[in-house]
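Notes to accompany the following structure.
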Amino acid sequence: MAMNKQVKMKWVKALRSGHYKQGFGTMRDQNDCFCVLGVLCNIHAQENPEVANKQFSKRSYLGSSGSLPYQVQKWAGLTSDSPMVGTYPNQSSLITLNDSRKLSFKELAGIIEFGM
């Protein structure tokens, strides 16, 4: 299954917008910094306010704080809670690229746009 093209373009646009401060290690931290997957969850929340309004914590979304919740995966057309980019043997998860390699949102946007 390929990623939903409309969702992908919204995600790429959001990452390039400068609207989100980048964070590491969690979807969203107490300072409103987001990881790359947290931005995707925030887009889902904006498009699904009935779901977003039921969230108790800003630091997690649909019970997940470090990987994509199944509902967001399905909505985005992804098959993993930790999406991979690249081709074997040079694959990396977006989580690793954000948290360990600390690629910028603009770098991650290019990888998502052309590599997913």
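The values are calculated or read from the model by the stated rules, or taken from the named source; none is laboratory data. What you are looking at is a predicted structure, and each value in this text was computed from that prediction instead of being measured. When we count neighbours, we look across all protein chains shown, and the Cβ atoms used for this are built from the backbone with ideal geometry, even at glycine.
The number of residues in segment 1-21 being surrounded by fewer than 18 Cβ atoms within 10 Å (Cβ to Cβ), within 20 Å of residue 99 (Cα to Cα) and in contact (Cβ under 8 Å) with a residue 12 or more places away in the chain comes to 2. Out of curiosity, is residue 107 outside any loop (DSSP other than H, G, I, E, B) and loosely packed, with under 13 Cβ neighbours inside 10 Å? In short, no. Consider segment 34-92. How many of its residues are at positive phi and among the aliphatic types (A, V, I, L, M)? Qualifying residue count, segment 34-92: 1. Selection of segment 72-104 for residues being in contact with a Gly (Cβ under 7 Å, 6 or more places away or on another chain), assigned to a loop (DSSP other than H, G, I, E, B) and at pLDDT 95 or above yields an empty set. Annotation note: of 9, 1, the sole residue that is more than 12 Å from the chain's Cα centre (by Cα), hydrophobic (A, V, I, L, M, F, W, C), modelled with pLDDT of 95 or more and within 26 Å of residue 114 (Cβ to Cβ) is 9. Selection of segment 27-53 for residues being free of Cβ contacts under 8 Å to residues at least 40 places away in the same chain, part of a helix (DSSP H, G or I) and either farther than 13 Å from residue 65 by Cα or of a type in the set (Val, Ile, Thr) (or both) yields 43, 44, 45, 46, 47, 49, 50, 51, 52. Can you tell me which residue is surrounded by the most Cβ atoms within 10 Å (Cβ to Cβ) among those in segment 84-104 that are in contact with a strand residue (DSSP E or B) (Cβ under 8 Å, 6 or more places away or on another chain) and touching a residue at least 60 places away in the same chain (Cβ under 8 Å)? Within segment 84-104, the match that is surrounded by the most Cβ atoms within 10 Å (Cβ to Cβ) is 98. Could you list, in sequence order, the residues of segment 77-116 that are among the small types (Gly, Ala, Ser) and more than 17 Å from residue 66 (Cα to Cα)? Those that are among the small types (Gly, Ala, Ser) and more than 17 Å from residue 66 (Cα to Cα): 77, 86, 104, 109, 110, 115.
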